[in-house]
Amino acid sequence: MDSNWHCSVCTYINTTGFSCEVCGTAKPGTSFGSDDVFKNDTDLKLPQDSMDIDEATMAQEEAIKAEIAAKQPLIGAMEGLDSLETEFRENALFVKKIQEAAGKYEHVRRVRGDGNCFYRAYLFACFECLSSNHGLCLQFLEWAKGTLDWLISLGYARVAIEDFYEVFVETAEWLFHTQPSVEAVEMKLGDQSVSDILVAFIRMVTSGYIQSHPDTFLPFLGDKTIAQFVAKEVEPMAAESDYVQCAALASACHIPVRIEYVDNTDGPLNAHTFPSGEQPQVYLLYRPGHYDVLYKKPGVELDKDEECKDTRPLPFAENKAPSEGEHKAAQPLKSSSSSSSSSSSSTSSSSSSSSSASSASSSSSSSTEGDPKSPKDNANTTSTNANTSNNTNEDDHEDREQARRKKARLRYAALDQGILGSLD
């Protein structure tokens, strides 16, 4: 008897298991508490009389997570798009759009489908881009240093986010100082003890950006308030992402992303760039319930974004000046460097970050702080000072990094279990 089954969300043809290998959706017809779910795992047998439905649900969710983790790494290797054609060979619409994507992109890199795939895929693509772009990496590092004070200004508790922030900044410093290979970036994001901390922090950044731009995002949230949306759809680990989260994170980080949409709709392959109108630096592939990393073919000119099928404009799609509140919210991105020279450099980069956030909201508006300095203007001085400090204190840095990671892992475990509650 054929044991293959189609995922009801992404239509992937699974050959075994009770959860989709791509997006993690449970197999159709699987009921909570069913012995069939655990027939290959004696450790997870469910007592028929003593376990209530909540415990059974939690046990099944953990079994699904374990099954996905065993089948798929956090960050996969690059492969041709023809592998996707094989997977979705029974879905003509998918195959047509994958073939169209193959004309523009030469490789895809799979990311584990655990609910965090957008954040992890975007983060990996950004890190890979930054590792070979020293100027952009410097700008990203200076922006990263200001995120703690910015989030605190929005109401986040320092004790709840500081450990995550430290790992995030240390990773940005690692990118800037070492300019790591793609393999090293893959190892970094493939280490779950580090990767999940980074994902948790950029979820906070995404939440903070949405909260600081209510006029931009509220029309896209249906009947939810901003606070309700970020508490349920953004901050919790494994909460899936839609275009609101995509637009917010790309705008907050100042690294535009183009997303190609493979779905069951008629017509050509649809694509959107976030923020709208910007030149993309990284590329992702979306199929229902999942995101992966794409690699554009050299020399290929991409068409402009297709018109969104949603009748509402995408965030940042309109040429309107940001509101006074949006300008104000964009300003706290400042570095907390102790030396006067570093403080001056950070202020200049902070102005660049604020200007970028404003231009993401409106392609026709200009910065209220004047023209920001190019990262190249600061790169030589900052790089020389940073490299000298890094060589002198390398051992101390490693000790601090290990201690901070240990603290962050403990705090992440608390966050994952809901102990810390809402962070806003």
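Read-outs: derived from the displayed coordinates by stated rules, not from any lab. Not measured: the values here are computed from a predicted model. Neighbour counts run over all protein chains shown; Cβ positions are idealised from the backbone, glycine included.
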What nm value, rounded to one decimal, do you get for the distance between Glu301 and Ala227 when each label is placed 7 Å out toward the C-beta? 5.1
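What share of Cα pairs, in percent, lie more than 27 angstrom apart in segment 88-221?
Within segment 88-221, distances greater than 27 Å cover 32 percent of Cα pairs.
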So for segment 45-197, averaging the separation of alpha carbon pairs under 8 Å that are six or more residues apart and normalising by length, what relative contact order in percent results? 24
Full-stretch length increase - Glu55, Asp149 - with 0.36 nm per residue and alpha-carbon distance subtracted: 29.9 nm
Given contacts defined as C-alpha pairs under 8 Å and at least six residues apart, what's the relative contact order of segment 204-265, whole-number percent? 37
Hey, what's the per residue convex hull volume over the C-alpha atoms of segment 204-272, in cubic angstrom? 111
For segment 238-303, take N as its residue count and report Rg(C-alpha) divided by 2.2 N^0.38 Å. 1.11
